[in-house]
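Written out below as structure tokens is the structure these notes cover.
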Amino acid sequence: MSSYSTNEFKPGLKIMLDRDPYAILENEFVKPGKGQAFNRVKVRNLKTGRVLERTFKSGESVEGADVVDLELQYLYNDGEMWHFMDPKTYEQYMVGKTAMGDAAQWLKGEELCPTTLWNGVPLVVAAPNFVALKITKTDPGVRGDTATGGAKPAKLESGAVVKVPLFISEGEVIRVDTRTGEYLGRAKG
Amino acid sequence: MVSADWRPSATRDILARRAGLLCAIRTFMHDRGVLEVETPALSHAAATDPNIQSLQSRVHLPQASAAAEVCLHTSPEFPMKRLLAAGLGPIFQVAKVFRDHECGPLHQPEFTMLEWYRPGFDHHRLMDEIAELLQMLGLPAPARSTYRDVFMRHTGLCPHTAPDEALQNRAAELGLVASGADRNLLLDFLFSRTVTPRLPASGALVYAYPVSQAALARIVPSLPPVAERFELFLSGMEIANGFHELGDSVEQRRRFAADNARRASRGLPVMPVDERLLAALDSGLPDCAGAALGVERLLMVLTGSKRIDEVVAFPFARS
């Protein structure tokens, strides 16, 4: 992998720090009048999502991270690993629990999932932002029940549990924002 | 590529404030008997400071076969000191200066500098005058502290006596990534990362710098020895730098050589030393203090601007 000098730093650049891959979010030029120049950067750890601030002496070089963003199609889960395929190359990938994070609970099959590969291995898999899933279990709505704020838990076919309005019943297909876990409405069609 | 960036990046209101500021500075200086001068922007010699990079150009003279290599001045300091040695008395200059490798929210490769010298002043009296200049512009008088006090308050370490390792550890905790960081780099990093943002926004004059940061200031052999240098900070920005000026040509020559040695070790070009300045110092520089102030940054404070682009008609990207 190539290395980058601080004067090539820009938002989006992927670099290695402390053996982890990071993405540069912000890059600021800092220079005391009579002192050496620095690059003050905000970086996001691509494994953990944690954001850090680092200051590089200008002119330092840093190893680039071999990181690629693409969309993989979810195939199936074998009980331990999640299996995906690149729809362009038909190459298959196995993904472990850590890289799946919270994404697994939204997947039932065939979804296209934004994935970050690091050195050719899936590092982070995200669910599509919006999914339509069938409710497999929820209590019948009780008219006039306001104690729960007009919402009740519902279990989806993919395993996730979301809050839905009282009038929604088992067997219905609903749209959910996977980033917030929020119910958006009944799926059309 | 045709684009809309022919327009100025500053508003008319701010450009009017800029004109007003320059006018106010000139009135302030004239009222105090400080003579306005102009010195060449093109120079045969150049700043040797390893942290300041000169822009280079070539001048072809009609009668010469080879072009003369020249630098655009990074500050008018050297020729102004020659004027002082020639007996001009108190002088000031408002000059466009040029620095390579500098561009960002607070930096432009060309910017306007107010530089002035006061024979008979030490750096404390010059700090008084800076406070008066700021008050004339409607700003409060800045608080004064030694470098040691503000550094200790915000880092818990003494800038003069803390071992390199202690500075290094603190810098690493705060996220510095630098191979082979020397003491000056560590001090600069810790100061800009932890001290500058915590100085009073209404203004701070920091003085008595570590000797490794003396630049062109005198060094007093106190315990520990300190450099008679000060800096003005407003709104967390470095606005001005001043010295009780070094007048010793032997010491000056030694610092030029040390600068050039550091340049060579960092792989930077070795710069031609200003022999005319050294000759002027030999003939005698009056005891004086001098300061350089970034006009754009002062205007940013006066107008509440966040980026230098907002206070210049055309930043470098649109030049």
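FYI, it's all coordinate maths here, none of it is from the lab. All figures in this text were calculated on a predicted structure; none of them were measured in a lab. Glycine also receives a Cβ, built like all others from the backbone with ideal geometry; neighbour counts cover every protein chain displayed.
Tabulated values for the structure
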quantity	calculated
Excluding exposed DSSP-loop chymotrypsin sites (Phe, Trp or Tyr not before Pro) (at most 16 other C-beta within 10 Å), longest clean stretch of chain A	A:1-89
Percentage relative contact order, chain B, counting C-alpha pairs under 8 Å, at least six apart	24 percent
Student exercise, the protein assembly as shown dipole from Lys, Arg, Asp, Glu Cβ charges, in Debye to nearest 20	720 debye
Among A:Val67, A:Val30, A:Val124, residue whose mean-square fluctuation peaks in a GNM of chain A (springs only between Cα atoms under 10 Å)	A:Val30
Note, ³J(HN,Hα) from phi for segment B:48-58, Karplus 6.51, -1.76, 1.60, rounded to Hz, x at Gly and Pro	9, 3, x, 9, 10, 10, 8, 7, 10, 8, 9
Global form of chain B, assessed from the alpha-carbon gyration tensor, a/c cut-off 1.5	rounded
Size of charge dipole - segment B:260-319 - debye, nearest 20, with Cβ of Lys, Arg +1 and Asp, Glu -1, no other charges	400 debye
Computed E for A:Tyr76/A:Val51 - FRET, C-beta separation, R0 30 angstrom, nearest 0.05	0.30
Residue among B:Pro90, B:Pro286, B:Pro269 with the largest mean-square fluctuation in a Gaussian network model of chain B, springs linking Cα atoms under 10 Å	B:Pro269
DSSP bridge pairs, chain B: antiparallel proportion in percent, nearest 5	90 percent
Mean projection area, nm², convex hull over Cα of chain A	15.2 nm²
Å³ per residue enclosed by the Cα convex hull of segment B:59-106	137 Å³
R0 of 25 Å, Cβ-Cβ distance A:Gln92-A:Lys163: FRET efficiency to nearest 0.05	0.10
Value of relative contact order over chain A, rounded to a whole percent, pairs C-alpha under 8 Å and six or more apart	14 percent
Global form of the protein assembly as shown, assessed from the alpha-carbon gyration tensor, a/c cut-off 1.5	prolate
Theoretical FRET efficiency, 1/(1+(r/R0)^6), r = Cβ-Cβ of B:Arg144 and B:Ala317, R0 35 Å, to 0.05	0.40
Reachable lysines from B:Lys96, criterion Cα separation under 25 angstrom, eight or more residues apart if same chain	A:Lys31, A:Lys34, B:Lys81, B:Lys306
Average partner coverage of B:185-197, which counts Cβ from other chains inside 10 Å	3
Choice from B:Arg32, B:Arg262, B:Arg307 showing the highest fluctuation, given a GNM over chain B with Cα pairs closer than 10 Å	B:Arg32
Stretch gain in nm, segment A:Ala187-A:Asp102, where the contour uses 0.36 nm per residue and the Cα spacing is subtracted	28.4 nm
Nonlocal amide H pairs with B:Lys96, under 5 Å, H built at 1.01 Å	B:Met113
Mean-position separation - Cα centroids, segment A:64-133 and segment B:244-290, in angstrom	62 Å
Table column - 3J(HN,Hα) (Hz), segment B:189-194, Karplus curve with 6.51, -1.76, 1.60, x for Gly and Pro	5, 5, 5, 6, 7, 10
Inverse mean reciprocal Cα-Cα distance (Kirkwood Rh) of segment A:68-119, Å	11.1 Å
Segment B:134-157-segment B:28-46 distance, computed between alpha-carbon centres (Å)	28 Å
Set of aspartates and glutamates near A:Lys10 by C-alpha distance (under 15 Å), chain-local residues within fewer than 8 positions excluded	A:Glu26, A:Glu28, A:Glu53, A:Glu60, A:Glu63
Neighbour cut-off at most 13 other Cβ (10 Å), DSSP loop, trypsin sites (Lys or Arg not before Pro), segment A:63-147	A:Lys88, A:Arg143
Dipole in debye (nearest 20) - chain A, about Cα centre, beta carbon charges: Lys, Arg +1; Asp, Glu -1	660 debye
Mean shadow area of segment B:158-212, taken as a quarter of the surface of its Cα convex hull (nm²)	4.1 nm²
Amide H contacts under 5 Å for B:Cys288, placed H, 5+ residues apart	B:Gly120, B:Glu245
Distribution of pairwise C-alpha distances over segment A:1-45, 5 Å bins, in %	5, 21, 28, 23, 11, 7, 3, 0
Peptide-level mean, for B:175-184, of C-beta atoms on other protein chains within 10 Å	5
Dimensions in Å of segment B:14-54 - Rg and Dmax from alpha carbons	15.3, 37
In order through segment B:245-258: 3J(HN,Hα) via Karplus (6.51 cos²θ - 1.76 cosθ + 1.60), integer Hz, x for Gly, Pro	6, 5, x, 8, 5, 5, 5, 4, 4, 4, 5, 4, 5, 5
Stokes-Einstein D for segment B:130-268, Kirkwood Rh over Cα pairs, 37 °C, 0.692 mPa s (µm²/s)	202 µm²/s
Cα-based reach from A:Lys134 at 27 Å (exclusive), listing lysines while leaving out same-chain residues under 8 positions away	A:Lys97, A:Lys108, A:Lys152, A:Lys155, A:Lys163, A:Lys188
Relative contact order computed over segment B:85-201 (Cα-Cα under 8 Å; 6+ residues apart), in percent	17 percent
